[in-house]
Amino acid sequence: MDPAASRLLGELILSRSVASLATLHDGLPFASMVPYAIWNDAAGERLLFVTHVSRLSAHTRDMLESPRVCLLIMAAEAEAASDSDPVPPQALPRVSIPAVAEFIDRDHPDHAGLARAYLTKFPSAADWFQLGDFSIVAFTPSGSARFVAGFARAMTVSALQLEAAVSLAGQG
């Protein structure tokens with residue numbers, strides 16, 4: 001992946017706050033929306049996507065039953081278009097990230113860091129951390145992601161490339 005595409009990918013992931021979450025629900029595909037934050041471990045070796053979900057939600061029950069999921073992060077139409085040159089929907093930058101969902105218990109060594117990452121991005125969610133039915137879920141990218149940088153600019157991205165793109169965008 002060239003440096004410009006890598007920067008675009010990283011900026012896309014860091015600039016958005018919501019992803020579509022695909023799960024299996026009663027054996028059928030099911031899509032929902034989840035707010036997410038990004039977290040890197042202290043060694044900088046793992047990039048995780050972090051959300052905070054209620055056990056009352058269908059997608060939470062789906063992840064408990066089958067932790068293999070997919071996140072879709074897409075640029076907003078308004079951000080991708082200029083006043084004089086609208087971007088067709090097929091050209092919107094987006095990335096589809098297969099992942100494994102892990103529910104993080106309060107006694108897990110990464111719980112505090114994951115909670116901090118989420119609350120830094122979503123401070124209004126602080127009260128929900130006091131509710132017993134909410135849990136932190138960490139999504140670990142698995143396999144290759146599919147990144148569309150624009151019309152006719154689709155590419156397969158490894159987990160390492162994904163992590164490098166987010167790191168690069170976070171530095172600038």
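Laboratory data are not the source of any read-out in this text; all were calculated from the coordinates shown. The structure displayed is predicted, hence computed values, not measured ones. We place every Cβ from the backbone using ideal geometry, glycine too, and count neighbours over all the protein chains shown.
Between the helical axis of 159-171 and the dominant principal axis of the chain, each derived from Cα atoms, what acute angle in degrees is found, rounded to the nearest 10?
80 degrees
With +1 assigned to the C-beta of every Lys and Arg and -1 to the C-beta of every Asp and Glu, and no other charges, what is the dipole magnitude of the stretch 3-171 about the Cα centre in debye, to the nearest 20?
Roughly 220 debye, rounded to the nearest 20.
Grab the Cα-Cα distance for ARG116 and ASP2, subtract it from 0.36 nm times how many residues apart they are, and report the gain in nm with one decimal.
Here the answer is 37.8 nm.
Between the helical axis of 111-121 and the dominant principal axis of the chain, each derived from Cα atoms, what acute angle in degrees is found, rounded to the nearest 10?
Between helix and principal axis, roughly 50 degrees.
Explain nothing, just the number: relative contact order of the chain, from Cα pairs under 8 Å at least 6 residues apart, as a whole percent.
Once normalised by length, the contact order is 30 percent.
Ordered by packing density, taken as the mean number of other Cβ atoms within 10 Å over each peptide's residues, highest first, how do 13-19, 152-158 rank?
Per-residue Cβ counts within 10 Å, averaged per peptide and sorted highest first, yield 13-19, 152-158.
When averaged across all projection directions, what area in nm² does the alpha-carbon convex hull of the chain cover?
Seen from a random direction, the Cα hull of the chain projects 10.9 nm² on average.
Tabulate in residue order the Karplus-calculated ³J(HN,Hα) for the stretch 5-19, using 6.51 cos²θ - 1.76 cosθ + 1.60 with θ = phi - 60°, rounded to whole Hz; enter x for Gly and Pro.
Once rounded to whole Hz, the list reads 5, 4, 5, 4, 4, x, 5, 4, 5, 6, 7, 8, 10, 10, 10.
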